[in-house]
Amino acid sequence: MMTELSNGLGELRDLHGRHFNSLNKNYMLPADSVEMKRLNAQHTMLRIALGNLYPENYMEAIVTRLAPMEGETIRICDFGSGSGDWAAEMAATFPHAKVLAIDLAPGLPVNPPANLEFKVADVTQEIPEFINQFDLIHGRCIGNGVKDYPALFDLVHRYLKPGGILIIAEGGAREVV
């Protein structure tokens, strides 16, 4: 899936000919078309490595949690969505769910599913309207912008509905908790 980067929202700053987010100075990777192509490739590689959009050993729990429920809106949130590919594929896989992709910079897959929304925000800062809203929160490769994982996990706990699921994946040698 290819992603176009929208620069019309004013959340980007220019540095040495590259675009960067202006919300979180800790996140030092660019937010331009070159970076979106890298993120597209990273998403494809991780999906192939996992064999799915999420770890196989959690598939039953995730599919059960995201199953349609009478009178209930299923909500999925992708923290640090980047290119938005994971969120778009989840929206296509679970068309009855509302999927929210959040990132520091504007970007959205070309022809996104109707049940996918994109929001520019810093997930390390509290977003009150998210409290008790999500059945599943996903965050992958966001460590570059997270200084305090325990504080982020506290926010995630408040954003998840009771029984909600957090999927987080990070690489590197840095201890996160």
As a footprinting exposure proxy, order THR124, THR64 by other Cβ within 10 Å, with the fewest listed first.
THR64, THR124
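Which ordering of VAL63, VAL120 is given by a fewest-first count of other beta-carbon atoms within 10 Å? Don't jump to the answer; show the numbers that get you there.
Numbers: VAL63 12, VAL120 18.
Least to most surrounded, the residues fall as VAL63, VAL120.
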Mean-position separation - Cα centroids, region 115-136 and region 42-99, in angstrom:
15
Going by C-beta contacts inside 10 Å, put ARG47, ARG140 in order with the fewest on the left.
ARG47, ARG140
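A short reminder: the numbers here are calculations on the coordinates, not readings from a lab. Bear in mind that the values here come from a model prediction, so they are computed numbers and not experimental data. Cβ atoms come from the backbone with ideal geometry, glycine included; neighbour counts cover every protein chain shown.
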